[in-house]
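In what follows, a single structure is set out as structure tokens and then discussed.
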């Protein structure tokens, strides 16, 4: 893998997507950590390995409502030879046994309650028949009960010192439940990377401004903000940069001082006003790549300055969206120790004929459906780089490799699932 380091912005050396991702990975630095309350931990990435401070469960507990017994009392028991046991205690969940079990006795016990030390089995309530005799409560059994029946032993799920979760795991409902079970009320997590977002171009209007002839509203930064938030970052939308190299340099320099990542959209194509293409040629900026063998977004650019990443994405909405998913999202994940930062790749069947031919790999917006037990990927009807309307209807990117002829419906294809995909 080589750094293109062009002497001119017209010089673009294209590299493969996976090579570009590897270059980014080699330069990403894990971020700082912080301690937060468990209640605030959803969606955060663990910055520590968590081990069990005690076994779980830490006491023998009943697996159902019934009676705690000594199993040897039931040896030889049958329908023809039932036994009677005296009920000497009642143990609700959360309470401790108050009477020791001896042969010939039993304790009424609820699901999850602590089993008396002397008992080695719990017989379910439905297998007993209750009766009263001279003020004593008795139960009748008509079958043998094996030792250990319906008792969850100490450490059945985890022993003390077992690894509960590894560093880099994202915290969701299941993780919160386990951590809370062990009384871990605070966790060490990676700080969310703060991401500065710029749009470049004098053609841009604020989204609150009325439409003007020849102008477009600055929608990309708002789209990117959502993508970055989904990836675990904290987006900060900054004012758009006009087509002025000196202003752009100043604004990006300032952003590098206060933010962990800088992302721009626009100004990377080969033209008269390619601000970011010029910017990444500065001596204090190490350019990783400025062209990728992909459609849309072949002019996507990545650079490093003072150990911080700069991503210059296309101003075309479709290309901007794809570039963020393939490059910015993984970088944000890697900064937080995410061990699986890339979009999940699955196999599906192409739902319609795809006619476009290109010598670059295409990442086609599409939707996934299960039809007759098969996973079908339907390409978006409009998938041009500048088209934005189909982004909202897409939950995957269909990978169409370089080809000299159309891809027929029914062809197996690789698909990248987007965030929020239900399949």
Run the helix sum for the chain: -39,500 (n - 2.57) per DSSP H stretch of 4+ residues, divided by residue count, reported at 222 nm to the nearest 500 deg cm²/dmol. -4500 deg cm²/dmol
In degrees, nearest 10, the alpha-carbon axis of helix 220-231 is tilted away from the dominant principal axis of the alpha carbons of the chain by 30
Residue 369 to residue 339: extension gain in nm, 0.36 nm per residue of separation minus the Cα-Cα distance? 8.0 nm
Mind checking the angle between helix 245-258 and the chain's longest principal axis? C-alpha axes, 0 to 90 degrees, to the nearest 10. 20
Note on the range 345-416: alpha-carbon gyration tensor, axes a ≥ b ≥ c; rule is a/c under 1.5 for rounded, else prolate if a/b larger than b/c, else oblate; result oblate
On Cα atoms only, tilt of 17-27 relative to the major axis of the chain in degrees: 80
If neighbour count is taken as other Cβ atoms inside 10 Å, put 324, 226 in order from fewest to most. 226, 324
For residue 293 paired with residue 352, estimate the spin-label separation in nm (one decimal), with each label point 7 Å from Cα along the Cα-to-Cβ line. 2.9
Using a cut-off of under 16 Å, list every residue of the range 332-370 whose amide N is near the label point 7 Å from the Cα of residue 382 along the Cα-to-beta-carbon line. 365-366
How much of the DSSP beta bridge set in the chain is antiparallel, as a percent to the nearest 5? 70
Taking 185, 58, 378 and counting other beta carbon atoms within 10 angstrom, the fewest-first order is 185, 58, 378
Counting only C-alpha contacts under 8 Å and six or more residues apart, can you give the relative contact order of the chain as a whole percent? 17
Take 258, 56, 190, 222 and order them by how many other Cβ atoms sit within 10 Å, fewest up front. 258, 222, 56, 190
Can you work out the FRET efficiency for the pair residue 32 and residue 100, with r the C-beta to C-beta distance and R0 = 41 Å, to the nearest 0.05? 0.15
Rounded to the angstrom and largest first, Cα extents along the principal axes for the chain equal 102, 50, 46
For residue 182 and residue 253, compute 0.36 nm times the residue count separating them, minus their Cα-Cα distance, and round to one decimal in nm. 21.0 nm
Contour minus Cα-Cα distance for residue 140 and residue 243 (0.36 nm per residue): 28.1 nm
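Laboratory data are not the source of any read-out in this text; all were calculated from the coordinates shown. Quick caveat: nothing in here was measured; it's all calculated off a predicted structure. Counting neighbours? That spans all protein chains shown, and the Cβs are built from the backbone with ideal geometry, glycine included.
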